[in-house]
1. Those residues that are surrounded by fewer than 16 Cβ atoms within 10 Å (Cβ to Cβ) and outside any strand (DSSP E or B), I need them from the range 184-206; list them, please.
2. Does the range 199-219 contain at least one residue that is touching a helix residue (DSSP H, G or I) at 6+ places or on another chain (Cβ under 6 Å) and over 30 Å from residue 300 (Cα atoms)?
3. Given the options 90, 78, name the one that is surrounded by 21 or more Cβ atoms within 10 Å (Cβ to Cβ), in a helix (DSSP H, G or I) and touching a residue at least 24 places away in the same chain (Cβ under 8 Å).
4. Step by step: first the residues of the range 30-59, then only those that are in a loop (DSSP other than H, G, I, E, B) and either on the phi < 0 side of the Ramachandran plot or not assigned by TED's automatic domain parsing to the domain that holds residue 83 (or both), then the one that is surrounded by the most Cβ atoms within 10 Å (Cβ to Cβ). Which residue is that?
5. Give 140, 118, 130, 114 a once-over and let me know the one that is within 16 Å of residue 80 (Cβ to Cβ) and surrounded by fewer than 22 Cβ atoms within 10 Å (Cβ to Cβ).
6. Which condition does residue 255 not pass, out of (1) more than 15 Å from the chain's Cα centre (by Cα); (2) at positive phi, if it passes all the others?
7. From the list 303, 295, 241, which one is modelled with pLDDT of 85 or more and within 27 Å of residue 169 (Cβ to Cβ)?
8. In this structure, is residue 276 surrounded by fewer than 17 Cβ atoms within 10 Å (Cβ to Cβ), modelled with pLDDT of 95 or more and over 26 Å from residue 166 (Cβ atoms)?
């Protein structure tokens, strides 16, 4: 019996071109001997609803996110909110960054189809994020990282137009320099691993994987999605010129060695700010502070390419 696959496609991915690939995607899956059903999202958050309903119905063996990191994050959250959180997640990378798909050894449609046929499923850690949205407390999830401060402002200022004009390799650099022009540190009280830090921060980040921004930024060096811990970064505020230098360090992963940085493993972090600050998960702005980031070890089965271990590209240098 063919493997039943529920595909959740974000038609806005690939600068709005992904929607035209629905027929191509379905044909490729059928040719691979799979039984796909393709659902297209209509708005932000819709992928979560579709994934939850697909998992609840029991009508599929696998749920596939076809889009970018934001689509993957929403689908993962829907599975985890369902009555069948053991449903496996597959990926077809159609977005700007596609960081998590690449981490799973999936670079394009052919490799995604091959993974769906012959790949392996492994339980991966997930970050549960609690924050405020439209006056209410919401709980959602991240696969790669959760951040407050500069990383959130970069996403806010990397508009769809900038993504179209500059492409996946340069758009976040443009977003960074736009954020730098409007730089304001975040005054926050951060509690993690029994310690409290109260300061003005450039960046507050809980990392579950090492890279972000289309693998351009080495945001959380040594972070792995299967080691039962997050890598927590606290980068204290500094002068505007020094912030520009920090961008270069972010590319190399050396920002964590700076004298105003703290970097350590942990499983929970809370962030309270003097004024509401954006919360960013895997490239999506999902709400604002106060926020809580908590690791859920091995919470989500994720499909990767055969003989490829998710996270194997980024060995932990601290061990």
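The values are calculated or read from the model by the stated rules, or taken from the named source; none is laboratory data. Since we're looking at a predicted model, the values are computed, not measured. Cβ sites come from the backbone with ideal geometry, for glycine too, and all protein chains shown count toward neighbours.
1. 184, 193, 194
2. For the range 199-219, residues touching a helix residue (DSSP H, G or I) at 6+ places or on another chain (Cβ under 6 Å) and over 30 Å from residue 300 (Cα atoms): present.
3. Only one candidate passes the filter, namely 78.
4. Initially, the range 30-59 is screened for residues in a loop (DSSP other than H, G, I, E, B), giving 32-33, 41-45, 58-59.
Now drop any that are not either on the phi < 0 side of the Ramachandran plot or not assigned by TED's automatic domain parsing to the domain that holds residue 83 (or both), which leaves 32, 41-44, 59.
Working: 32: 18, 41: 25, 42: 13, 43: 8, 44: 14, 59: 11.
Among residues in the range 30-59 that are in a loop (DSSP other than H, G, I, E, B) and either on the phi < 0 side of the Ramachandran plot or not assigned by TED's automatic domain parsing to the domain that holds residue 83 (or both), the one surrounded by the most Cβ atoms within 10 Å (Cβ to Cβ) is 41.
5. On the way: 140 fails: surrounded by fewer than 22 Cβ atoms within 10 Å (Cβ to Cβ); 118 fails: within 16 Å of residue 80 (Cβ to Cβ); 114 fails: within 16 Å of residue 80 (Cβ to Cβ).
Being within 16 Å of residue 80 (Cβ to Cβ) and surrounded by fewer than 22 Cβ atoms within 10 Å (Cβ to Cβ) holds for just one of 140, 118, 130, 114, which is 130.
6. (2)
7. Working: 295 fails: within 27 Å of residue 169 (Cβ to Cβ); 241 fails: modelled with pLDDT of 85 or more.
None of the other options fit; the residue is 303.
8. So residue 276 fits the description; yes.
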